[in-house]
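Below: the structure, in structure tokens.
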Amino acid sequence: MKKPIRTALLVVHVVGVALGMLIAALGIRSVIENYPTDSLDVALSRTTTTSTITVIAVSYIVTLIRRGFTPEAPLLYALSFGVAGLVVEANGRMMAKDFAPSVATSSDYAISTTWIVAAWLAALCAIIWTYRRSRFPLF
């Protein structure tokens, strides 16, 4: 791979993981600030969402540092975040259509949490694929 392309991909990847960590940090802050007033179900759903985002970002950072990257890695990273975000957005809209989240049942939050975990598993597949094929180590 030509050096300018490799450098550009590295910059794209580093900016991507930095944005991912910023989003994860905002999620962690939200969990901490809202924990005292959240019900157990809301806190679990919020924590699951934040954990998913954090694990995706940290996993790609570890892959970048230990194994390097492939040209497809930034796309897979963005798709991982996109899938997780779409799942959270769809669940939020479905729950808001029928009732206020504060009166949602435990099963509604269990279903929501299950979908978020499914999104994390899809991201995990992308992370494993990237890790196995990464071949441009940083060190």
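The values are calculated or read from the model by the stated rules, or taken from the named source; none is laboratory data. Computed from a predicted structure; not experimentally measured. Neighbour counts run over all protein chains shown; Cβ positions are idealised from the backbone, glycine included. For accessibility, only protein heavy atoms count, side chains too; no ligands or nucleic acids. Shrake-Rupley method; radii C 1.70, N 1.55, O 1.52, S 1.80 Å.
In region 1-74, Cα pairs under 8 Å separated by at least six residues give a relative contact order of 45 percent.
When peptides 5-11, 46-52 are ranked by their average number of other Cβ atoms within 10 Å per residue, the highest-first order is 46-52, 5-11.
How much length, in nm to one decimal, is gained on full extension between THR7 and GLU33, taken as 0.36 nm per residue of separation minus their Cα-Cα distance? If you can, show how the numbers build up before the last one.
On the way: separation 26, 0.36 × 26 = 9.36 nm, distance 3.89 nm.
That works out to 5.5 nm of additional length.
Sequence-distant contacts, meaning Cα pairs under 8 Å at least 6 residues apart, place the relative contact order of the chain at 35 percent.
Taken per residue, the accessible surface of the chain reaches 61 Å², heavy atoms only and a 1.4 Å probe.
Using R0 = 30 Å, the C-beta based FRET efficiency linking LEU26 and ARG133 works out to 0.45. In terms of packing, defined here as the mean over residues of other Cβ atoms within 10 angstrom, the peptides 112-121, 29-38 line up highest first as 112-121, 29-38.
Against the main long axis of the alpha-carbon atoms of the chain, helix 106-133 sits at an angle near 0°.
What angle do you read, to the nearest 10 degrees and between 0 and 90, between the alpha-carbon axis of helix 3-34 and the longest principal axis of the chain? Helix 3-34 sits at roughly 20 degrees to that axis.
Computed from the Cβ-Cβ distance with R0 of 41 Å, the FRET efficiency linking ARG66 to SER107 stands at 0.55.
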